[in-house]
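All remarks here apply to the structure that follows.
The values are calculated or read from the model by the stated rules, or taken from the named source; none is laboratory data. Nothing here was measured: the structure is a model prediction, and the numbers come from that model. Quick reminder, even Gly has a Cβ in these numbers, built from the backbone with ideal geometry, and neighbours come from all protein chains shown. In case anyone asks, the SASA skips ligands and DNA or RNA and just uses the protein heavy atoms, side chains included. Shrake-Rupley method; radii C 1.70, N 1.55, O 1.52, S 1.80 Å.
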Amino acid sequence: MSLMFSLWLNSCSSPPSQVITLNFGGAGMIRSPMKEIEDLYQRDHPNVVINSIFAGSAVIQAAVERGEPFDGVFFADLPPLDKLQAKGLIVRERRKELLTTDIVAIAPVNSSLQLSDFRELTSDRIKTVAIGNNNLAMGRYTHSLLTRLGITQVVESKAVVVKVDVREVLAAVEQGEAEVGITYLSEAKSSAKVRVLATAPKDSYDPIRACGALVKASAHAQEMQAYLDFLSSDQAMAVFEKFGLHTVRS
């Protein structure tokens, strides 16, 4: 994984002196809308290049802790940012809770499965369920959901567990490695190969509160903060909304 980051960061050719490259680490839940948002931003800021990588919270957190040259990060839940803040690696005053979404159960688009309630995941007719482990924000939300519904043991007995990126849940369902997957609505909306079986009641899991922050060691703090601010603009939110991502309400 360290090699992956090195290759990513070193792949950027030296830009002209007037061009600023911002290294941005993002949660998988925002991967799909971010290309469109980056294009919108760079249309009005042609001197700024957004160099983005999307991965699980633990992967990006560890990279920042190792001193990889990130300018900003965006996680799908709060604990990774809390840990970075405790180590003095992000600017506390610049962190902002921004997005939320729904947790859904997905199946291949041609599947005949029907699901009216998440508790039906315990049914014998469902043999495999793709879920994230606790290195992933989606895994922590899933654990909260299964625990509150009282179905953790049964579902984990049939789990296909992914460890690095929430996108692996989607891939497991698309490729037939799991009959059902538990993931974000934003992930389900990014693929024409899956359909939503059911949406989990919001009171059945810890609230999803995705948060961005400026990395204290950023060499381009002003420019990175401007980009983070853009993520809460009407333009960016319109793109997020298309993928089922909504503004966090205080």
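Among the residues of region 126-181, those that are closer than 24 Å to residue 116 by Cβ, assigned to a helix (DSSP H, G or I), out of contact with any helix residue (DSSP H, G or I) (no Cβ under 6 Å at 6 or more places or on another chain) and open to solvent by 40 Å² or more (accessible area, probe 1.4 Å) comprise 143, 147, 153, 156, 157, 174.
When 130, 63 are checked against the criterion of being within 23 Å of residue 175 (Cα to Cα) and under 22 Å from the mean Cα position of the chain (by Cα), a single residue qualifies: 130.
Among the residues making up region 39-67, those that are open to solvent by 20 Å² or more (accessible area, probe 1.4 Å) and part of a helix (DSSP H, G or I) are 39, 40, 42, 43, 44, 58, 59, 61, 62, 65, 66.
Just the residues that are more than 20 Å from the chain's Cα centre (by Cα) and not charged (D, E, K, R), please, taken from region 218-234.
Initial filter on region 218-234 (more than 20 Å from the chain's Cα centre (by Cα)): 218-223, 226, 234.
Listed by number, the residues that qualify are 218, 219, 220, 221, 222, 226.
Taken together, the residues in region 77-115 that are more than 30 Å from residue 195 (Cβ to Cβ), open to solvent by less than 20 Å² (accessible area, probe 1.4 Å) and either in contact with a Cys (Cβ under 8 Å, 6 or more places away or on another chain) or of a type in the set (Phe, Trp, Tyr) (or both) amount to 1. The condition of being of a type in the set (Lys, Arg) and farther than 26 Å from residue 150 by Cα holds for only one of 119, 95, that being 95.
Applying the criterion of being of a type in the set (Ser, Thr, Tyr) and outside any helix (DSSP H, G or I) to the residues of region 215-250, the residue that is surrounded by the most Cβ atoms within 10 Å (Cβ to Cβ) is 218. Being modelled with pLDDT of 95 or more, among the hydrophobic types (A, V, I, L, M, F, W, C) and under 18 Å from residue 134 (Cα atoms) is a property that does not hold for residue 178.
Does residue 197 meet the test of being more than 22 Å from the chain's Cα centre (by Cα) and over 21 Å from residue 33 (Cα atoms)?
On the way: more than 22 Å from the chain's Cα centre (by Cα): no; over 21 Å from residue 33 (Cα atoms): yes.
It is false that residue 197 is more than 22 Å from the chain's Cα centre (by Cα) and over 21 Å from residue 33 (Cα atoms).
Does residue 86 meet the test of being at pLDDT below 95 and of a type in the set (A, V, I, L, M, F, W, C)? It is false that residue 86 is at pLDDT below 95 and of a type in the set (A, V, I, L, M, F, W, C).
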